[in-house]
Amino acid sequence: MKNYKVILVIGALFLLSFMSSMPLAAQLDPLIEKVSQKLALVNDYVAEGNMKTDVAFIKASLGKVKVYFKKPNLLKVKKEGGISLLPRGGVSLTINTLLNTKQYTTIPAGTQLVNGKNLTVIKLIPTDDNLDWVISTLWIDPIAALVYKTATTTKENGSYEITMQYGEYANYGLASKIIFSFNTKDYKLPNGITLEFGDEDPSAKQKALKNKKGTIEITYSKYSINKGIPSNLF
Amino acid sequence: MWSLIQVELYKIFRRPRTYIAFGAVAALIVVIQLGLKIDGNSYAAFLMKDINDTLTVDGKVLNGYLICYILLQLLLVHVPLLVALIAADMLSGEANLGTLRLLFSTPFSRTQWVLAKFIAASVYTILLLIWLAFLALFVSMWVFGTDDLFLMKSNYVVLIEQKDVLWRYVGAFVFASFSLLTVTSLGFLMSSMAGNSIGPIVGTMSAIVFFTILSTLNIPLFTIIKPYLFTTHMNNWKEFFDIKVNASNEAITGSILNIPKIKTSLIVLTLHIILFVTASIMIMKKKDILS
């Protein structure tokens, strides 16, 4: 009888240690599941909008863009008839592309008040070593199951912060406005290459030196959801 | 007066030397266009190395508008030398041949002859500029297509929308005509002071090279005299390609960053033209024709 109890205790301890050593993939947050279910309603979309580039060393005007998305993580931003400037690697790391892969584990990180909204903070850690991102923090509205902010660190392309606002497409978890914030590196070309020997705009020069943060802002005017997009577009 | 201009134009375009400049401009442009057509992408990648660290640039960067800008940067420094070939020969060539005495003994005044010669030299200069504009802009647009103009300056980048580019080139070429006419008038002045063509041609070229070097050197001593040098102002056609931004760093379509700078440069260049031509007329009026 005594041996039986010892075996039971050892067995319980073994089970406990086995459970604690189980891969974190099993610890999926129910809120993330709720957000994922909402995003799962969208197989593909084409969104039209205006893009504003605000990088200290770039003078660019507003441009009309089309954003193409296809499950699980294909995303392309295309400016209509012109040259577009997008943060390197970062633009593809939207909430759809992050969550649709399902290759992550979650860690709850409390709640935070952001812009008057009490948001749940959840950290995502990829379970696939081949993914470009290292960690991503999500600020989620627990009632509406909408992600309002993400901060992602990538392996090669630095850190990105994406802030979202929602409008009429909130039911699909699609934002009406997205702001990508990213760090910029120094820009300097020798005069001998640019052949610009005269005086350049001093205010632009000063701004470029001061501000190392850039933003790309896309305001969506229209979404076309689940109408089908050919894969060769990406 | 019109007949005098016609005579002078006939003389200019009858000389084979006149076509050297047209041929040289065509050869240079075609060679650069060919080089950029074959290996332009690696050139663009080299230029955009710093930008590509932060951003992905999607679109046709190496389009006709950018090619034209690159060509103008390279050629508008050297075309004045080609202009000098003709302008600096206008009066001294006649003196060298001994035909100046013949001209000045006609019923027309010396001032009329000098002005007719200057106008003819100016027509040649403008035609050379139109030829350059045709090859650099329109042929490049045809060969490379068009898109937004993505200009990489030393400290910042300017992205000008496609619909906002063409009028800037018109402005830049009009401005360049003032620059080249200044060179024409300088060559003309040198020509009025010499008895053969070699001296004024070499003299004009040397003056352009000398002043261009002074204009580009950022040494405090030269900074004081820079605003008075015509070569400093000749390069300001580039101002048409820099735009204003609003408080939220959005570029304002159709704007020019520094209009006063363009106006000042045009005034300085025009004053140089008037000064050089007036001096030429005065020298020729007082000149003893001994050849």
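Restrict the check to segment B:109-124 and report whether at least one residue is surrounded by fewer than 21 Cβ atoms within 10 Å (Cβ to Cβ) and either in contact with a strand residue (DSSP E or B) (Cβ under 9 Å, 6 or more places away or on another chain) or not in a helix (DSSP H, G or I) (or both). Steps first, answer last, please.
Residues of segment B:109-124 that are surrounded by fewer than 21 Cβ atoms within 10 Å (Cβ to Cβ), as a first pass: B:109-112, B:115, B:119, B:123.
This time we only want the ones that are either in contact with a strand residue (DSSP E or B) (Cβ under 9 Å, 6 or more places away or on another chain) or not in a helix (DSSP H, G or I) (or both), so: B:109.
Yes, segment B:109-124 contains at least one residue that is surrounded by fewer than 21 Cβ atoms within 10 Å (Cβ to Cβ) and either in contact with a strand residue (DSSP E or B) (Cβ under 9 Å, 6 or more places away or on another chain) or not in a helix (DSSP H, G or I) (or both).
Of all residues in segment A:39-69, which are within 13 Å of another protein chain (Cβ to nearest Cβ) and hydrophobic (A, V, I, L, M, F, W, C)?
Within segment A:39-69, the subset within 13 Å of another protein chain (Cβ to nearest Cβ) is A:50-68.
Within segment A:39-69, A:Met51, A:Val55, A:Ala56, A:Phe57, A:Ile58, A:Ala60, A:Leu62, A:Val65, A:Val67 meet the criteria.
Residues in segment A:70-85 that are hydrophobic (A, V, I, L, M, F, W, C) and under 16 Å from A:Thr219 (Cα atoms) were compared, and the one that is farthest from the other protein chains (Cβ to nearest Cβ) is A:Val77. Within segment B:87-99, the set of residues being part of a helix (DSSP H, G or I) and within 14 Å of B:Leu4 (Cβ to Cβ) comprises just one member, B:Glu94.
Condition first: among the β-branched types (Val, Ile, Thr) and more than 14 Å from every other protein chain (Cβ to nearest Cβ). Can you find one or more residues in segment B:243-251 that meet it? Looking through segment B:243-251, none of the residues is among the β-branched types (Val, Ile, Thr) and more than 14 Å from every other protein chain (Cβ to nearest Cβ). Per this entry, B:Ile20 is not counted among residues that are at pLDDT 90 or above and either assigned to a helix (DSSP H, G or I) or within 22 Å of B:Leu127 (Cβ to Cβ) (or both). Taking residues in segment B:254-270 that are within 10 Å of B:Ile243 (Cα to Cα), and partners anywhere that are exposed (fewer than 14 other Cβ atoms within 10 Å of the Cβ) and at pLDDT 90 or above, the pairs with Cβ atoms closer than 9 Å and at least 6 places apart or on different chains are B:Gly254/B:Trp167.
Tally up the residues in segment B:189-204 that are in contact with a Gly (Cβ under 9 Å, 6 or more places away or on another chain), farther than 14 Å from B:Ser280 by Cβ and not β-branched (Val, Ile, Thr), please.
First pass over segment B:189-204, keeping only residues in contact with a Gly (Cβ under 9 Å, 6 or more places away or on another chain): B:190-191, B:193-194, B:196-197, B:200-201, B:203-204.
Those still in the list that are farther than 14 Å from B:Ser280 by Cβ too: B:196-197, B:201.
Checking which are not β-branched (Val, Ile, Thr) leaves us with B:196-197.
Counting residues in segment B:189-204 that are in contact with a Gly (Cβ under 9 Å, 6 or more places away or on another chain), farther than 14 Å from B:Ser280 by Cβ and not β-branched (Val, Ile, Thr) gives 2.
Checking each residue of segment B:261-280 against the condition of being at pLDDT below 95 and under 30 Å from A:Gly214 (Cβ atoms) gives at least one match.
Taken over segment B:229-258, the criterion of being crowded, with 17+ Cβ neighbours inside 10 Å and among the small types (Gly, Ala, Ser) is satisfied by B:Ala251 alone. Within segment B:170-187, the set of residues being among the hydroxyl-bearing types (Ser, Thr, Tyr) and surrounded by 23 or more Cβ atoms within 10 Å (Cβ to Cβ) comprises B:Ser179, B:Thr182, B:Thr184, B:Ser185. Considered as a group, the residues in segment B:259-291 that are polar (S, T, N, Q) and surrounded by 15 or more Cβ atoms within 10 Å (Cβ to Cβ) include one that is nearest to the other protein chains (Cβ to nearest Cβ), and that residue is B:Ser265. Here's a check for you: in segment B:198-215, which residue that is closer than 13 Å to B:Leu85 by Cβ and not aliphatic (A, V, I, L, M) is surrounded by the fewest Cβ atoms within 10 Å (Cβ to Cβ)? The extreme case among them is B:Gly203. Of all residues in segment B:33-78, exactly one satisfies the criterion of being of a type in the set (S, T, N, Q), outside any helix (DSSP H, G or I) and more than 7 Å from chain A (Cβ to nearest Cβ), namely B:Asn63. Restricting segment B:233-268 to residues that are part of a helix (DSSP H, G or I) and charged (D, E, K, R) leaves a set whose member that is nearest to the chain's Cα centre (by Cα) is B:Lys238.
If you go through segment B:74-125, how many residues are among the hydroxyl-bearing types (Ser, Thr, Tyr), in contact with a Lys or Arg (Cβ under 8 Å, 6 or more places away or on another chain) and under 14 Å from B:Thr18 (Cβ atoms)? Break it down stepwise before answering.
Taking segment B:74-125 as the starting set, the residues that turn out to be among the hydroxyl-bearing types (Ser, Thr, Tyr) are B:92, B:99, B:105-106, B:109, B:111, B:122, B:124-125.
If we keep only those that are in contact with a Lys or Arg (Cβ under 8 Å, 6 or more places away or on another chain) too, we end up with B:111.
Among the residues that remain, those that are also under 14 Å from B:Thr18 (Cβ atoms) are: none.
Adding up the residues that qualify gives 0.
Note on segment B:28-73: residues that are of a type in the set (S, T, N, Q), buried (at least 18 other Cβ atoms within 10 Å of the Cβ) and more than 16 Å from A:Val55 (Cβ to Cβ) total 2.
The values are calculated or read from the model by the stated rules, or taken from the named source; none is laboratory data. Computed from a predicted model, the values in this text were never measured in an experiment. Positions of Cβ are generated from backbone atoms using ideal geometry, with glycine treated the same way; all protein chains shown enter the neighbour counts.
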